[in-house]
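So the structure is just underneath, and the comments pick up after that.
Taken together, the values in this text are just the output of simple stated rules run on the coordinates, not laboratory data. Since the structure is predicted, the reported quantities are computational estimates derived from the model, not experimental observations. Reconstructed Cβ throughout: ideal geometry from the backbone, glycine too, with neighbour counts over all protein chains shown.
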């Protein structure tokens, strides 16, 4: 029997954890990265939030931060389960948990909130989340393509490499998308949208006015679909899709801290 060995984790793509300190350690933040990405995209934000005293975990989702071959063996259900496990761990350590998700991580965060599995989940921060169906022909043909084309350029799925306004910055995401793995996410989008009506916790919807990977219409639609009592909108004027590595990092930090502080943190 052949043993599957995962490739070495890319430098900087390791999971990150902070135990928190002082009164704010009672609030835990779970940061969830996007598809083909890794903790690299959220590490600066994680470190800034940890400096405020919050307990924090930034996991590396299965198959990410190593190689496309590892991602090809995983599916959306694996990534969702890993995020659920993170929330569960933090729920055992803190008084309340807030999810902060970038891109697909935002969709996962909303999916978890809709599941109502975690009583201590106090809020969600969605950053440039994908919730609408992709309109590209390649994605519409996804079920056919995955049978004949095991991987495709990420750009074919609409993911622009290093969609960051700030020069010289890279999130080191995969350049290729394993088609079956990618399709496992897009197939879940209708179910995720349907579940938004069950999201009861406050949601901070953050999105870039210029985003070349996820149309800003996704976040505008999200604002209309959420029925939560408290929904807040933050529009980023200077950043592209990977806003957490871009010019508005400090602005995102400030708004996340303010949002979380509303829960008694």
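Could you check region 74-92 and list, in sequence order, the residues that are within 15 Å of residue 58 (Cβ to Cβ) and in contact with a strand residue (DSSP E or B) (Cβ under 8 Å, 6 or more places away or on another chain)?
Residues satisfying the conditions are 83, 86, 87, 89, 90.
Take residues that are crowded, with 23+ Cβ neighbours inside 10 Å and tell me which of the strands (runs of 3 or more DSSP E) falling wholly in region 14-65 contain 3 or more.
Correct list: 27-32, 55-58.
Can you tell me which of (1) touching a residue at least 40 places away in the same chain (Cβ under 8 Å); (2) buried (at least 21 other Cβ atoms within 10 Å of the Cβ); (3) touching a helix residue (DSSP H, G or I) at 6+ places or on another chain (Cβ under 9 Å) is the one residue 186 doesn't meet?
If we test residue 186 against (1) touching a residue at least 40 places away in the same chain (Cβ under 8 Å); (2) buried (at least 21 other Cβ atoms within 10 Å of the Cβ); (3) touching a helix residue (DSSP H, G or I) at 6+ places or on another chain (Cβ under 9 Å), just (2) comes out false.
Kindly evaluate residue 156 against the criterion of being in contact with a helix residue (DSSP H, G or I) (Cβ under 8 Å, 6 or more places away or on another chain) and either within 30 Å of residue 25 (Cα to Cα) or assigned to a helix (DSSP H, G or I) (or both).
yes
Could you please give the count of residues in region 66-75 that are over 15 Å from residue 171 (Cα atoms) and in a loop (DSSP other than H, G, I, E, B)?
Count: 4.
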